[in-house]
Structure formats: structure tokens, C-alpha cells
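Input: a single structure, listed below in C-alpha cells.
The values are calculated or read from the model by the stated rules, or taken from the named source; none is laboratory data. The structure displayed is predicted, hence computed values, not measured ones. Neighbour counts run over all protein chains shown; Cβ positions are idealised from the backbone, glycine included.
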Amino acid sequence: MTLGGRSGQTKTDSYSPTMPQKPQKSAQTSHYIELGGYQYWPVLVPRGIRLYTYEQIPIYLRENPYITDGYRAYLPSRLCIKSLFILSNETVNIWSHVLGFLLFFFVGVYNMASVLPAIGASKEDYVIYSIGLFCFQLCMLCSVGYHLFCCHRSEKTSRRWMALDYAGVSIGILGCYVPGVFYTFYCNNYWRQVYLVTVLAMILAVFFAQIHPHYLSKQWKQLRLLIFCLVAGYGLIPTVHWICITGGFSSELVQAFVPRVLGMYFIASLALIFYVSKVPERYFPGQLNYLGSSHQVWHLLLVLMFYWWHQSSCFIMSYRHSQPCLDTSQHA
Ligand SMILES: [Zn+2]
């Protein structure tokens with residue numbers, strides 16, 4: 001598989017301070033772009049976008065040395081948006097979350113129109129349900145924004161989108177916590193409020209830290225990861241508490257719901273392992289530039305995790321409607 005070198009580029013009018021422009025070969029090749037080994041894939045390339053190797057991109061875009069080629073860089077906003085329709089190493093990252101956004105949007109519309117009325121959902125249910133799905137959609141959009149605009153010629157703009165991408169993950173986690181805490185502690189108003197308030201405070205604190213540009217520095221990498229794990233792992237505290245006050249593992253609801261919680265943590269851990277380890281491209285440097293890289297797996301697992309948790313929230317919501325609380329203060 002050839003890497004780096006490419007010919008038959010389309011006409012380049014993007015700002016490229018480091019790379020000289022290559023002449024156009026011929027009119028015939030202008031609709032084709034040679035991408036590493038994926039030669040002559042017929043890709044409709046909007047004029048003005050070219051791809052770079054890892055060594056050619058600015059330092060702030062160098063995140064993953066195992067992705068050796070297919071980078072967009074030095075683009076103004078207009079061409080960043082246009083690049084949605086070209087094949088680059090961000091194409092799968094962008095479209096996976098565009099489709100993720102559409103999935104949660106249409107699931108929301110469908111469930112609001114048919115599933116929620118069927119289980120006799122109250123206004124409160126609609127609000128909680130909407131908050132969850134809205135957070136997932138926002139998370140998807142922040143991610144799309146970052147992967148679309150990270151190649152912006154201004155480092156500041158690129159960094160801002162990156163900050164928003166991080167903040168989007170917090171919003172997504174909030175979307176998991178709100179329905180989770182609300183319906184597990186459905187019959188215990190005190191603890192429901194305690195956990196909702198603490199979760200909200202924690203997520204808000206992390207959210208504001210994340211939108212701060214210093215948060216994104218390389219020195220903070222370990223700390224960022226630790227904060228992310230703490231925010232996600234915090235959910236185990238209300239889970240264990242809930243198991244205890246619901247009657248332990250002999251409870252039918254605990255037996256039904258705990259595997260769903262563990263399933264979510266399993267998917268989240270798997271996603272994080274891919275994200276951190278940069279596997280599999282670490283073992284196949286340059287061969288997974290366009291398809292099959294760890295960040296793409298992380299994106300897909302994120303969509304899967306949110307969908308899994310959404311289904312779990314729907315399960316416990318309908319359980320709460322079929323089995324009303326016995327005592328509003330004592331039973332969880
Ligand atoms: Zn991403």
C-alpha cells in the first residue's frame with residue numbers, strides 16, 4: 001500500500017503555507033483523487049480541497065501518528081463544510097455522528113408519537129425523555145462540528161471546536177444520568193434530588209473546565225482522562241446505593257436493570273480502551289487511514305452506548321408505569 005505520495009490532485013486554492021501547489025495533471029483526472037492505496041476511487045471532490053500526510057499538517061492537528069495520510073488542513077470555514085463530501089481520514093468520523101444524530105432525532109420523534117402515549121407517559125416523562133435524547137443529539141452535533149472544522153486554518157478555531165467536542169461528551173454523559181437517576185430513584189424523592197443535583201453540579205463543573213482552552217493542553221492529557229473516568233464512574237455510587245435500598249439482588253427490578261447498567265459500562269470501557277490505545281492502527285500504521293481506525297470505533301461505540309442506555313431508560317420508565325410506587329418515601 002503506497003502512502004504519502006499522490007498525484008492527480010484537484011485544483012488547489014486552499015491556503016497552504018508549507019506545501020507548494022502541484023500542477024493539475026489533466027482534465028480527465030480532476031474527478032479522481034488518489035488516496036494512499038485506494039487509488040482511483042471515483043470521489044467527487046469540490047475544488048480547493050487537498051489532502052496532506054501526517055508530516056505536512058500543522059502541529060496542533062498531529063494527534064495520531066499511526067494515521068499517516070488523508071488529512072485535510074489549512075482550510076477556511078467554507079471549505080471545511082465542503083469537505084463533508086470528500087473522502088478524507090475524517091469522513092467516517094463525521095458521518096458516523098451525523099447518522100448518530102439522525103438516529104436519536106428520529107427515535108425521539110417516533111417514540112414521542114407512539115411509544116410514550118402507549119405507556120401512559122406523563123408530562124414529566126416527556127421532559128425527562130426529551131432531556132436524555134436532546135443531550136445525545138447535542139453530543140453528536142458537537143462531535144460532527146469538531147471533526148468538520150478541526151482542519152480550519154486558524155488554530156484558535158480548531159481548538160475551540162475541540163473544546164466543544166469534549167464538552168459534548170459531558171453533555172452526552174448528562175443525557176445518560178438524568179433518565180437513569182430519575183427512574184431508578186423514582187419512588188425515593190430525597191435521593192433522586194440528591195443525585196440529580198450532584199450529577200448536574202459535577203457535569204457543569206467539568207463542562208466549564210472543558211471549554212477552557214488550557215484544558216486541552218498536552219500536559220493535561222492524563223488529567224482529562226482521569227476526569228472523564230471519574231464523571232462516568234461516579235454513576236456506580238448511585239447504582240450500588242439503589243441496589244441496596246431496592247432489596248438487593250432478590251429484587252426483580254434489580255435483576256432486570258443491573259445487567260443493563262453493566263452493559264453500558266462495558267460498552268463505555270471498550271470505547272475508552274480503543275480511544276486511548278489507538279488500536280488497531282497502532283499495529284497497521286498507514287493502513288487504516290480511512291477505514292477501521294480506533295477513533296471510528298470509539299464513535300460507533302458511543303452511538304451504541306447511548307442507544308443502549310436510551311432503550312434501558314425506556315424499559316425502566318415503562319416499568320415504573322406498570323408497577324407504581326408503594327410508598328413515596330421508603331421504597332425505591
Ligand atoms: Zn471524535
(request) Sort through Y195, Y183 and tell me the only one that's touching a Pro at 6+ places or on another chain (Cβ under 6 Å) and on the phi < 0 side of the Ramachandran plot. (result) Y195
(message) I'd like to know if region 60-68 contains one or more residues that are in the same structural domain as Y183 (by TED's automatic domain parsing) and among the basic types (K, R).
(response) no
(message) Condition (residue is surrounded by fewer than 17 Cβ atoms within 10 Å (Cβ to Cβ) and farther than 30 Å from K218 by Cβ) applied to region 231-242: is it met by at least one residue?
(response) yes
(message) So if I check each of W298, W242, W220, W309, which one is within 16 Å of the ligand (Cβ to nearest atom) and either farther than 23 Å from A201 by Cα or assigned by TED's automatic domain parsing to the domain that holds D125 (or both)?
(response) W298
(request) Quick one: count up the residues across region 95-114 that are within 15 Å of the ligand (Cβ to nearest atom) and surrounded by fewer than 21 Cβ atoms within 10 Å (Cβ to Cβ). (result) 4
(message) Testing P117 on (1) within 16 Å of the ligand (Cβ to nearest atom); (2) without any contact (Cβ under 8 Å) to a residue 12 or more places away in the chain; (3) part of a helix (DSSP H, G or I), one condition comes back false. Which one is that?
(response) (1)
(request) Please state which of the following conditions V178 fails to meet, knowing it meets all the rest: (1) in contact (Cβ under 8 Å) with a residue 60 or more places away in the chain; (2) assigned to a helix (DSSP H, G or I). (result) (1)
(message) List pairs: first residue in region 290-312 and assigned to a helix (DSSP H, G or I), second residue buried (at least 18 other Cβ atoms within 10 Å of the Cβ) and among the acidic types (D, E) anywhere in the structure, Cβ distance under 7 angstrom, at least six positions apart or on different chains.
(response) S294/E281
(request) Check Y186, Y215 and return the single one that is among the hydroxyl-bearing types (S, T, Y) and in a loop (DSSP other than H, G, I, E, B). (result) Y186
(request) Please give the number of the condition Y60 fails out of (1) out of contact with any Asp or Glu (no Cβ under 9 Å at 6 or more places or on another chain); (2) assigned to a helix (DSSP H, G or I); (3) at pLDDT below 95. (result) (1)
(message) Looking for something within 16 Å of the ligand (Cβ to nearest atom) and either closer than 28 Å to P238 by Cα or assigned to a loop (DSSP other than H, G, I, E, B) (or both) - is there at least one such residue anywhere in region 198-210?
(response) yes
(request) Give the number of residues within region 56-74 that are over 15 Å from H152 (Cα atoms) and polar (S, T, N, Q). (result) 2
(message) Residue under question is F185, and the condition is that it be surrounded by fewer than 22 Cβ atoms within 10 Å (Cβ to Cβ), of a type in the set (F, W, Y) and away from the ligand (no atom under 16 Å from the Cβ); does it hold?
(response) no
(message) Looking at region 246-289 only, could you name the residues that are assigned to a helix (DSSP H, G or I), of a type in the set (A, V, I, L, M, F, W, C) and under 20 Å from L300 (Cα atoms)?
(response) V261, L262, M264, F266, I267, A268, L270, A271, L272, I273, F274, V276
(request) Scan (1) within 16 Å of the ligand (Cβ to nearest atom); (2) at pLDDT below 95 for the single condition T91 breaks and write down its number. (result) (2)
(request) Scan (1) out of contact with any Ser or Thr (no Cβ under 9 Å at 6 or more places or on another chain); (2) modelled with pLDDT under 95; (3) more than 18 Å from L301 (Cα to Cα) for the single condition T198 breaks and write down its number. (result) (2)
(message) Scan region 152-170 and tell me whether some residue there is outside any loop (DSSP other than H, G, I, E, B), in contact with a strand residue (DSSP E or B) (Cβ under 7 Å, 6 or more places away or on another chain) and within 16 Å of the ligand (Cβ to nearest atom).
(response) yes
